[in-house]
Each structure stands twice: as C-alpha cells, then as structure tokens.
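S.K.: Let me give you the structure first, and then I'll get to my questions.
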Amino acid sequence: MAASVHPYPEPSAPPPYEEEAFDVAFKPNEFDEKQPLHDGDGYDVEAAMQVKPSDVPQYVRNDFLKKVYAIVSVQLAITALVSGVIMFTPEIKEFATTSQPTMWAAFAGSIISVCGLHAVKNSYPANMALLLVFTLFESYIVGIICCMYKTESVIIAAALTTGVTASLSVYALTAKTDFSNWGASLYAGLWCIILGSLLQIFFPYSSMLNGLLSVAGAILFSFFIIYDTDQIANRMSPDDYVVGAIELYLDIINLFIYILRLIGDRE
C-alpha cells in the first residue's frame, strides 16, 4: 500500500516546549491570523492555505462556525436596534418613510458595499469595517419595512423567524444529508422570486400574487438557511467568515421580511 502524503512538510525537530506535533500550520482559534505554529520550522504557510476545505481539522472548522455565528448575531442585534429606533422615534420614522431618495440611497449603498466586501473579504480590518457599513444600510431598509406594519406583527414575525432559523440550523448541522446539490435549484427559485417582484412594480397590485410570493419567499429562504449553514459548516474555507456571515444574515433577514409580508397587519 502506498504511503499517504502529508499535506505539510514535517519539522525536523519540534521545539522542546511543545508537547506534541500538530498536523496543521496554525494555532487553534487563530487560523485567520495566518501565524506559523513555529518560527523557522519549515512549515509552508501558502501550502496550508491551499488545503481543501474538506481537509480542514475539525477544531478549526468549529472555531470558524462559531466566528460566523458570532458575527451574524452582532449583525442581527444592530438590525434590531436600528429598526427599533426608526419605528419608535416619530421624527426618524416620518423622515425614513417619506424620503424616497434616502431609501434608494440605502438600497444602492447595500449593493455597493456587499460587492466591495467580496473584494476585501480577506483584508482585516477593512472587511469588518465594510461589513458594519453594509449591516447599517440593511438595518435602515429593514426599519423602513417594519414601519409599514403594526408593532405586534413585527414582534410575531421576529419570533417566528428566530424559531425557524434555530430549528433549521440545528437540522442542517446534525443531518447526514448532503445539501451541496441544492444550490442550482435554490438560485433558480430566487430568480423566480425576483422576476415576480418586478412584475408587482410594473403591473397593478395583486393580493394573490403578493401572497404567493410571500409564501414562496419564506419557503425558499428557509431552504437557503439549511443550504448555507451546511456550506459554512462543511465546505467553506476558514478564511471566508465574512462571506459566510453575509449569506446567513441575508437568509435570515429575507425570511423575516417574507414572514412579515405573509402574516403582518399593515399600519
């Protein structure tokens, strides 16, 4: 039987203070800092960065997952705070719901910032600063949408979104199913939702079409949560924590919006 090839060069002799030799080139919990485990020991950092995501050690994968969920939690907290300020401050609510240029500027800023994030996703702290900007733009948009509905409806939609997200995340993390082949179908469904939404802009309002899009959107982004959670947990590179956070955050926000559209009572 042929001997297996180790993905990293072995050091000739580990430092005396180390209790055991590791199979990876980075310290636990510090994989994103790209610091060698030993100085001058012959480890090839660039080779380590080219390891397939499926070959990443489990403790690194777990730390990556915790990091993504921590970032998403902060994003959702910011969104809830900004939305609450807009909803419960009469002056801000009046401005946000009547200033069309500001709303479109926030929408354009969200698109530009998310494109920029993919360009600087591995450049800390620029990636985190731009992620904050993106989150603030999204929070402003969500706040405007929430102002269109009664407070009770917003709270119910938020509670349902929390429950659905938690349940689907646990399922995606514990199921033995391979969800990687869902991508094409989900993105095809997303384009159908986008085209249906464009029809609502250019044609007279239809409550039936709005209801169908709301149901379809809620189902679609529920599946996206499963798919993206599986991607983050098993297939993304540990360097892609910003990309993972953006995808999961947008899944949750869109699920909330479609649930709110489906069950919410308008002001």
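S.K.: For a quick check of your reading of the model, give me the residue pairs whose first member lies in the stretch 63-78 and is under 11 Å from residue 242 (Cα atoms), whose second is β-branched (Val, Ile, Thr) and in a helix (DSSP H, G or I), with beta-carbon atoms closer than 7 Å and at least 6 apart or on different chains.
M.R.: Once the first residue is under 11 Å from residue 242 (Cα atoms) and sits in the stretch 63-78, its partners that are β-branched (Val, Ile, Thr) and in a helix (DSSP H, G or I) give 68/232.
S.K.: Looking only at the stretch 156-210, count every residue that is free of Cβ contacts under 8 Å to residues at least 60 places away in the same chain, among the β-branched types (Val, Ile, Thr) and surrounded by 13 or more Cβ atoms within 10 Å (Cβ to Cβ) and tell me the total.
M.R.: Adding up the residues that qualify gives 2.
S.K.: Kindly provide the set of residues from the stretch 87-102 that are out of contact with any helix residue (DSSP H, G or I) (no Cβ under 6 Å at 6 or more places or on another chain) and either in a helix (DSSP H, G or I) or under 10 Å from residue 144 (Cα atoms) (or both), ordered by number.
M.R.: 88, 90, 91, 94, 95, 98, 100, 101, 102 - these are the residues of the stretch 87-102 that are out of contact with any helix residue (DSSP H, G or I) (no Cβ under 6 Å at 6 or more places or on another chain) and either in a helix (DSSP H, G or I) or under 10 Å from residue 144 (Cα atoms) (or both).
S.K.: I've got another one for you. Limited to the stretch 211-242, what total is found for residues that are in contact (Cβ under 8 Å) with a residue 60 or more places away in the chain, surrounded by 21 or more Cβ atoms within 10 Å (Cβ to Cβ) and hydrophobic (A, V, I, L, M, F, W, C)?
M.R.: 4
S.K.: Here is a further query. Counting only residues that are touching a residue at least 40 places away in the same chain (Cβ under 8 Å) and over 28 Å from residue 92 (Cα atoms), how many does the stretch 113-127 have?
M.R.: 6
S.K.: Now, a different point. Checking residue 130 against (1) without any contact (Cβ under 8 Å) to a residue 60 or more places away in the chain; (2) more than 19 Å from the chain's Cα centre (by Cα), which single condition isn't satisfied?
M.R.: Only one criterion is unmet by residue 130, namely (2).
Since every read-out is calculated from the coordinates, none of them should be taken as a lab result. As the structure is a computational prediction, the values presented were derived from the model and not from experiment. As a convention, Cβ positions derive from the backbone with ideal geometry for all residues, glycine included, and neighbour counts pool all protein chains shown.
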